Every structure is written in C-alpha cells, then in structure tokens.
C-alpha cells in the first residue's frame, strides 16, 4: 500500500482560521441549531449571570441573544458557557466546516469565542475564534470553522477522541483572553449549521482493508501479538459482514484474562510516511455491547523507525455495538506524556519516557483493544472489535475551492 500525504502546516491548538463564505455550487448545509428558542443551559461564575432572549435573527424568526454580566478580572479567569443539548444525538461525520452567524453590537476584545461539540460520552472538540469580539459587526456576520481547525483539550478527560456520529450538545464558550472591567457584554448567535459538499476535505486514506483478498492475506500484513500482556485465543480476520464502508474491515477478537490485557495487530508500512504536519486522523470502529462496564480503549498507535509510539486514544465507545467515527486532532506538539489529550506519548516504548515519537518517520501502525476496568468487572472476557477507514486529514481549505477566502 502506498500512502501519499499532502501536508502543509503544523496544527496549532491555539489558532483557528476564520472563513468567510459565499454561495458555492453543490454545497449543502444542515442546521444544527436554528436559535429559535431560549432552551439552553448556561454556566458562569457565582457572582455573574447570563440572560438569554430571542431577538430578530439572520434567517428564520429569531436569534439567541446572550447578555453576560460579569465582574472585573485578569485574563483567563472567566469561562462563560451557553449549551444546547439535543434530545437525540446528531451526526456530524459529513462536516467539512461549521458555520454560524454572529452579531456583536459593541466590541469587547477581552473576550474570545469558542464553539464546542460534545459527544454522548462527554468527549469534546472545539474551534477557537480569538478576534470574533474584537470589532463590532454590522448586523449579523457569517463565520465558518473548517474541520481541521477543531482542537482537543488535553488537560481533562473530555480530551479523548470525539465520536462524530453521536454529538449530544453544542456550546458557545466565551472566556476572557485579556483583562476585562466589570460590565455587561451582549452578542447574538443564529443559524449554526454544518457545511458539506464543498470538497474542502483534504484527506488521504491510510487503510480501508479493501486490498486484502482474504483473512490469510490480512494476517500476513497485520500479525497479532507483540509481547506484553496479551489476550488469549486471539484472531484477526477480514470482516465482510459488517464493514463501515466498502466491502471489508478488520475484526479482532480474543479473551482477556484481566484488566490491561491487549489484542494488537501491527502493520509495517511499505515505506516510512511523514505525518508531522497532519491536522488530524479519523478512524471508524465498531464495538461490542458485552464490554459495557469494562472501560474499553480502542486505539491506533503510530510507531516510528526507532520504536517510539504515539497512542491515539478512544475510550468507552468500544462498549457500543455500533459504528463510531472518531475525530482525532493532533496538538501543536502532536502528543505528550501524562496528559488527557487525544494523542499521548507512551512512556513504555523503545525510547522510554524521554523518547518522543518522530512523526516525520512513521514506519508502522498498530490497532489495539484493551479493557481498562478492574473490579468489579469480571474476567475472563471474550469480545471483539472491528476497525475500518483510517484517514489522515490535512488543511481543509485548499485554494482550489472557489468562493472560500481566509481572513
């Protein structure tokens, strides 16, 4: 398998390009919050308050007006949030960009705007708009955040990979990036929508298992077991009954004697690839309901030429007997030890705690399943997981897409 990656600039967790959109032939939008009501929850400091009201909108009848009455404070001490929770989780897996209309009557550069999506297990991805409030708008202005600008919070458990098929809420977050004086800050938001069909995604399929004729060929490419606490009775086979896309997927199964045991299958790439400037990975996986309560980790691991490893973590979704597609953005430093980020440097690989994975020289990928729960979880546990469609994503705003202009 030959992998060609079109990579540009390193993903920065502290930068999100804003995009101004015009009509593009073939584009489609799906409204995920019409802002026609005030049925939201809010969270601010005890001495502060948020008032929500319906005001004339950019489309439809209403927009959501947010009036935030706050105290004086130095930078980064405030973290106001207004959240819309869905009765049924929504699917954003086709998203190329997220678009919304914002009205800022009076500027307040001390605040920034963050749009967050949270999946049904509580994992969060967000995109940051540092200058959204820096100048007043003339009525509503439309902003868009391409998929590649969505980042992760590495410092809390919600930093694990997001399942794009099961988004339970969106949140409008307005922390203070600079010192602010006491007052009331007012802005309105309307028409939060997914944009798709533009051809913005700049993705390369790393693996979709379509090239393997049968399980024998798959096993030759993905030998399982590389030492450590291995599950027993392990098999890795080509699954043609329930692939995510196409006609084939990889199914691994086995029996776990206890917590932390693993099933792992490792693919050595024909030649090393450079993912040092990638924005994100996507991976689809199908869990098994009998892993409920076992806190399953369904992971992809990048291995460099010297054996150092970077683990892409997905947690808990392995207990759902359905397909999940995980959005797995890199941090600006790719990964780190001891954090709650989506990608984590392992301290127990060839380079030890000090040896960081060289993303410019990835020579193998490993797919891994492991139960994380101890007592009262009961072992042994025999279970399985299916993997499909591993994708590398680069900048999602290629210049060839007409009518999209970075500013």
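Here are the numbers for the structure shown:
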| read-out | value |
| --- | --- |
| Shape category assigned to segment 26-156 from the gyration tensor of Cα positions, a/c cut at 1.5 | rounded |
| Relative contact order computed over segment 203-393 (Cα-Cα under 8 Å; 6+ residues apart), in percent | 33 |
| Antiparallel DSSP beta bridges within segment 203-393, as percent of all bridges there, nearest 5 | 95 |
| C-alpha center-to-center spacing [segment 224-271, segment 102-148] in angstrom | 41 |
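Bear in mind these aren't lab numbers, they're just calculated from the coordinates by the rules spelled out. Remember, it's a predicted structure, so these values are computed and weren't measured experimentally.
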